[in-house]
Structure formats: C-alpha cells, structure tokens
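Below is one structure, written out as structure tokens, with a few remarks after it.
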Amino acid sequence: MFHFARCSRLTRGTVTSDRLLSSHKTRDFLFQHLNRRGNHSAPWSSSQIPSTQLTVGVPVLRVWRQAQKLLRLTSRQQPRPPSIALKFILGPAALTVTARLLGPSAHCEADVNNNKVPLEVQVKEKIPEFSWAVLWEFVRPQLFALMGAILLAFGAAALNIQIPLMLGDLVNVVARHMREQAGHYMRDIQAPAVKLLGLYALQGLLTSGYIILLSRVGERVAADMRTTLFTSLLRQDIAFFDANKTGQLVNRLTSDIQEFKSSFKLVISQGLRSATQTVGCFVSLYFISPKLTGLTVVVLPCLVGAGALIGSFLRKLSRKAQEQVAKATGVADEALGNVRTVRAFAMEDRELEMYAAEVQKSAAMNETLGTGIAVFQGLSNIVLNCIVLGTIFAGGSLMARDDLSPGDLMSFLVASQTVQRSLASISILFGQMVRGMSAGARVFEYLALDPSVPLTGGGRIPLDSLMGRVDFMNISFSYPTRPGNQILKHFSLTLPPCKTVAIVGESGGGKSTVAALLERFYDPSSGVVMLDGLDIRTLDPSWLRGHVIGFISQEPVLFGTSVMENIRFGKPSATDAEVVSAAKQANAHNFITGFADGYNTVVGERGVTLSGGQKQRIAIARALVKNPSILILDEATSALDAESERVVQEALDRATTGRTVLIIAHRLSTIQAADLICVMSNGRIVEAGTHLELLSKGGLYAELIKRQRSNGHK
Ligand SMILES: Nc1ncnc2c1ncn2[C@@H]1O[C@H](COP(=O)(O)OP(=O)(O)O)[C@@H](O)[C@H]1O
Ligand SMILES: [Mg+2]
C-alpha cells in the first residue's frame, strides 16, 4: 500500500544508473521506516542519515537537510500545535493550480503578446459557447478507438508506476551481490530482469498503442469537423458572407480545428497520466499520515479561493492586453494592406504615429500584466517553500507525539512534491483544455447555424415547358447587414420570355441587387419574385441557379484550374464537345486553342494569367454551357477596353438570342437594342420604354445619353 509513495518519486524522468542506485537506497531507507510505521519506537540511527543524504535526488536532498535541521530543533522545543503550521501545507500547489485552473488565459497569454490574436475579438462581443453534445456527435463514431486509447494510456501510466519499483528489485539483487559476493549472479538476476524486460515491452506496446489510437481518433474527429464545418459554411446565406470575413472563416477551418485537435489529444494522454499520479500519491499520502493529509484537505479551500481571485484578475488583465495588441495589429494591417493609398497621400508618418501609440498602450498593459504575474509567481514561490517548512513543523509535532516516524515524514514530503508536480501539470493542461474548448466553440458556432435560403429543395419546372418569364412584384428590400437602408422600394418589373430587358441608372441605385434577388442570393423583405408565375421561394434554388439562370458579372472570377474545368463548372456533366461549343459561342475558342496547352491551360489563381477580355469570354462560356433560359449580364463589358468589349459584345449578342435576358449596364451604348429599357432611380423604376421612345420622351434616360455622349462615350 505504500507503493504510491515510493514509486511516485521514482517515476520521474529517465533513470540513470546513478539515480537508479540512489532511488533504490532511498527506497530501502523509506521501506525500513514505513515498515516500522506501526511501532514508532524505531530510533533514528545517525548512520542512516548520511547514506541517504548522499544518494537521494537533489530536491529530496534539500528537503531532507531542512528536515534534519528542523527535526533537531523540534526535538529540543515543545511541539507546536499543527493547526497554524499546516496552513502552509500544500498551499502553494493549490494556489498555483487553482489560479491556473480558473485563470488559464493569464498563464498562457502572459508571454503570447504576438499577432496571433484574432481581430474578431475586437469586433465581436459575442463569445461562442462550447457544446459537449456537439463534441459527442463527432467523437461517437470513434468511441471504440477512444476507449481503447484511454485504456491503453491508463495501462501505460499504471506500468510507469510499477517499473521503477521493479528496477528497485533488480538493483537490490545487484547490490546484494556487490555486498556479499555470494550466490549465483546470473540465476538471481534472471527472474527480475526478465520480468522487467517484459514490463518494458508491455509498456512500450501500450504507449505506441494508445498514441496510434489517439492520433487516429484525433485525426478522424478533426477531418470530420473540417468537412462538417465546410459543408455548413458553404450552405450559409450570402448575407452571412457579407457579415463575416473570409479570413476568419478559413481560420476556423484551419487553426481552430488544429488547436482543438492538439488540445484534445494532449488532455487525454497527459491528463490521464497526471491524474493517475495525483490520485496515486494522494492515496499514499493518506496511508502515510491520515492526520497530515486531513489537515491539508482543510487548508485547501482557502488557497483555492485565493488562487481563483488572483487568477481571474490576471485573466481580465490579460484579455485587455490581448485586445490592445489586436488593435495595434489592426492599424498595421490596414496601413500595410493599403500601402499604395498611404504612399499616395504621404501619410506614412501619421500611420506610424497611430501605430506607435497603440503599441505603447499595449506595452504598458502587458507590463502591468507582467507585474501581476510576477507578484503572483513570487507569492506562489513563497508559499511553495512554506510547504516544506509547514510540513516539517506539523510533521515534527506529530513525531513528537509519536504519531509519525521520520521515514513517514520523508515519504510524505516526497509524495506531496509529486502531487504538486502532477497538479501543476494538470493545471497547465487545464489551460490547454480551455484554449481547446474555445477553439472548439468557434468551430461549433457555425455548425448549428441554419441558412434562411436553403441550397436545395422545392419544385422544379420541366425545362421543356419552361417559358422564362420573370416578374418582380412590388419588391421592397434592404440588405440584412444594413437593415435600415432600403435599397428597393416597391420595385416591379417584368422580364417577358425571350426578350431582352435592360436596367440602367446611377451607380449604387440597386441594379445588381435586382439580379441578386433573381438568383435568390437574398429573399425580399416584401413582395415576390416569380418565375413563370411561380414564387421562386417555392422552387428548388439549386435547380434555379444550376439550370435556369446564367449569370455573368463585371469581374468574372475563375478558379485556378484548367480552361476546360472552368467552363465545365457551369455544367459538371458537360461533354468536351459541349464545352468547346460553348467556348465557340462565347468567342473564346480561338484564343484558347492558341495556347500551347489549349483547353488544358491552367489559368492561375482567380484566372490571373488571362486578360480581362479572355477571362470574361471564358465566364460567358461557363454560363452558356448550362444553356440557361434566363441570362443576367451585370455590367459584363464595363471593365474591358474597347477592343475586348467589341469581341465580348459580339459573343453576348450571340448568346442572348432565344433567352430571357436581363442586362444591367451603365454604358448605354451596349443596351440600345434591348426590347425594354428601364431607368432605375432611388430603388424603383422611373422610366421604361425602348431606346427611341425614351429618347423622344426627353426624361432621365435622354439626359443620361446626353451626358455620356459629352463624356466621350459613343
Ligand atoms: N452585400 C451588400 N450588403 C449591404 N449593402 C449592399 C450590398 N451590396 C450592395 N449594397 C448596397 O446596396 C446599394 C445598391 O447596390 P447595387 O445594387 O450593387 O447598386 P448598382 O448595381 O446599381 O450599382 C448600394 O448602396 C450598396 O452600397
Ligand atoms: Mg452593380
């Protein structure tokens, strides 16, 4: 039953032959005394003390010296009541631990002070909550592996406690042989050596087993989380992406999940070991001296309270300092990100001033935090040292009453040190766990979020009976991110089947918003958008976007794959011939075949290796390959130079025949042939008619035409 007390000290670190011997002797020494626990009359023979001094490990040696001195003292003095002295026992451990437990960020962030602080801390007040239920959903499929890992890890920890004891036995044999020079060495050593070898092998097996299982669980849970989160992100409303920065979303997929995974693995593997040791040592402490342990338990809550207080204070300080660092980083980020603008306005000094001011503030805050931590650490050290003192005082008084033998006191000191170390490592782990949990919470936050516009589900109109008539009926709309700002006000418009309708008007007037509503990127606040007389909210959005509507915007975005794959993005099932035919319609075939790799040419990230006109024509091919009934052209040529515009316009003219087309344009030359031209102002249509009708009307359209002509447009 005293195993824990002995082994806990012996389990630390690699056992070199030197230490091995010393451990063994200590153990022998302890053992003598432990065995005499029942009859405390055992005299403390002075010859034993030096041998112990020489051989035990450094901390124990120190403790032992102090103990000796104190014991000499206490033997001369009257024993003091243990109650006062015991207040110090184990206090520091508890203090350190609780502060870490309750203020984990203070510890881990004290030296962080870097740029990793997420900027969202500044922006978002809402802190996502960690959900065990969600974690359970991810862990459940890996439950067997996890249980296996836990069992193996526990087994490895238990063996870790046993191995040093076995080593002791082995050394016993060696020592006996050295002392007595008798017996058969090989025969005597065989049994413990084989046993030890077996234990080594088993321990190694268990260790690799639990690491394999744990990393399997960790990786699978992380992969599952990544795909689930990505699925969840992909189906969010467009409004969600208006409100969240892409960088932060990607961060959740990468670093947050990474952080979660490593914390998860660490907490399980090291947590188990430290917990096993702590419990083991507490048990042995109890067996050594229930009184001393009992008193410790009484003192513990006070120290827990004190630690919690200081911990939460430090945590608050640390959070504020972190926020300040983030603020400074934000200033730098903005200045560097917009360095051309800064340079163009010669604002370098101003930016520097702003940055320096923020940095200084953060330095001051971190200094305060540093001082706080320093005082805290200093206090813990004092209390920590008082443990030894307190234990010896209290133990001494118990010894004087014959309640405790010197060996017991020694064992108690050793075991309580192990408890301290284990608790300290648990407290560090706890900090890691809190970090892991907040990373997990950030991952889970978006899993539960349901988009208001689903990706799929709803009715479909058979494509052969689809007319392609669109009605915007009395639409009012404001963007979810700016609810107070109404963009469309009782907007009504009909796109007749196979006709081309153009919308013109001032920039920011809401033209693109109309297109976004037809794509069902957003739902209107009031009013309905209808396709062939059916509310598009009743139709399947994926069918609507994938088969009915082709959308070409001002700045086409291509993916960094081949031309072929980019065009096929419009219709994954398209054959090569269909892709080529779409490219021909889009006036793109010629330039594509001009590339050395033809359709297999990789276009670079976002299509950077192509010119604007080329990109736009590939985008047109991408829209045409799905043979959409409705085509939306949102300023499709306005980013192009005159020559590219001509080629693209040619492609567009060809593409629009036989479809319902909505053209949005501010360059009026491109829409003169439209069947209907609508002029938008202030969120509604103020004029409608053909080019000639509107010209003769002499209203807003005529005014726009006049202005553009005088500005040099045709
Ligand atoms: N995603 C968005 N979130 C919030 N407001 C937006 C968003 N997109 C556009 N707006 C605002 O809506 C108004 C109309 O924009 P838009 O329809 O793009 O105008 P147009 O295409 O006519 O130039 C503008 O004031 C713009 O600032
Ligand atoms: Mg626009």
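General remarks:
- Qualifying residue in the stretch 588-599 (condition: more than 16 Å from ligand 1 (Cβ to nearest atom) and buried (at least 21 other Cβ atoms within 10 Å of the Cβ)): yes
- Out of THR561, THR500, THR538, THR513, sole residue that is more than 16 Å from ligand 1 (Cβ to nearest atom), closer than 25 Å to THR670 by Cβ and out of contact with any His (no Cβ under 9 Å at 6 or more places or on another chain): THR500
- Residue check for PRO462: under 44 Å from the mean Cα position of the chain (by Cα), away from ligand 2 (no atom under 16 Å from the Cβ), at pLDDT below 90 and not aliphatic (A, V, I, L, M): no
- For GLY508, the conditions (1) more than 13 Å from ligand 2 (Cβ to nearest atom); (2) at positive phi all hold with the exception of (1).
- Residue selected from the stretch 458-481 under the condition away from ligand 1 (no atom under 16 Å from the Cβ) and assigned to a strand (DSSP E or B), by the criterion surrounded by the fewest Cβ atoms within 10 Å (Cβ to Cβ): GLY459
- The stretch 513-538 residues that are among the charged types (D, E, K, R), paired with ones that are within 14 Å of ligand 2 (Cβ to nearest atom) (beta carbon under 7 Å, 6 or more apart): GLU519/PHE551
- Within the stretch 679-693, considering residues that are in contact with a Gly (Cβ under 8 Å, 6 or more places away or on another chain) and touching a residue at least 24 places away in the same chain (Cβ under 8 Å), the one most open to solvent (accessible area, probe 1.4 Å): ASN682
- Residue check, GLN236 among the polar types (S, T, N, Q) and either within 16 Å of ligand 1 (Cβ to nearest atom) or over 22 Å from PRO480 (Cα atoms) (or both): yes
- Restricting attention to the stretch 207-233, the residues that are in contact (Cβ under 8 Å) with a residue 12 or more places away in the chain and open to solvent by 60 Å² or more (accessible area, probe 1.4 Å) total 6.
- Those residues of the stretch 648-668 which are within 16 Å of ligand 1 (Cβ to nearest atom) and out of contact with any strand residue (DSSP E or B) (no Cβ under 8 Å at 6 or more places or on another chain), in sequence order: ARG667
- Filtered by the rule that a residue be away from ligand 2 (no atom under 16 Å from the Cβ), open to solvent by 10 Å² or more (accessible area, probe 1.4 Å) and over 16 Å from GLN585 (Cα atoms), the stretch 603-654 gives GLY604, GLU605, ARG606, VAL608, THR609, LEU610, SER611, GLY612, ASP641, ALA642, GLU643.
- Residue match in the stretch 192-214 (condition: within 30 Å of ALA448 (Cα to Cα) and assigned to a helix (DSSP H, G or I)): yes
- Subset of the stretch 495-510 [among the hydroxyl-bearing types (Ser, Thr, Tyr) and either free of Cβ contacts under 8 Å to residues at least 24 places away in the same chain or loosely packed, with under 15 Cβ neighbours inside 10 Å (or both)]: SER507
- Selected residue [under 30 Å from the mean Cα position of the chain (by Cα), open to solvent by 30 Å² or more (accessible area, probe 1.4 Å) and of a type outside the set (D, E, K, R)] from SER318, SER312: SER312
- Complete set of residues in the stretch 275-292 that are open to solvent by 10 Å² or more (accessible area, probe 1.4 Å) and in contact (Cβ under 8 Å) with a residue 24 or more places away in the chain: ALA275, THR276, GLN277, THR278, PHE282, VAL283, PHE287, LYS291
- Residue satisfying all of: in the stretch 511-550; within 35 Å of the chain's Cα centre (by Cα) and within 16 Å of ligand 2 (Cβ to nearest atom); most open to solvent (accessible area, probe 1.4 Å) among these: PHE521
The values are calculated or read from the model by the stated rules, or taken from the named source; none is laboratory data. The shown structure was predicted, so the numbers you read here are calculated from the model rather than taken from an experiment. A quick note on method: Cβ atoms are made from the backbone with ideal geometry, for glycine too, and the neighbour counts reach across all protein chains shown. SASA here: full protein model, heavy atoms, side chains in, ligands and nucleic acids out. Shrake-Rupley method; radii C 1.70, N 1.55, O 1.52, S 1.80 Å.
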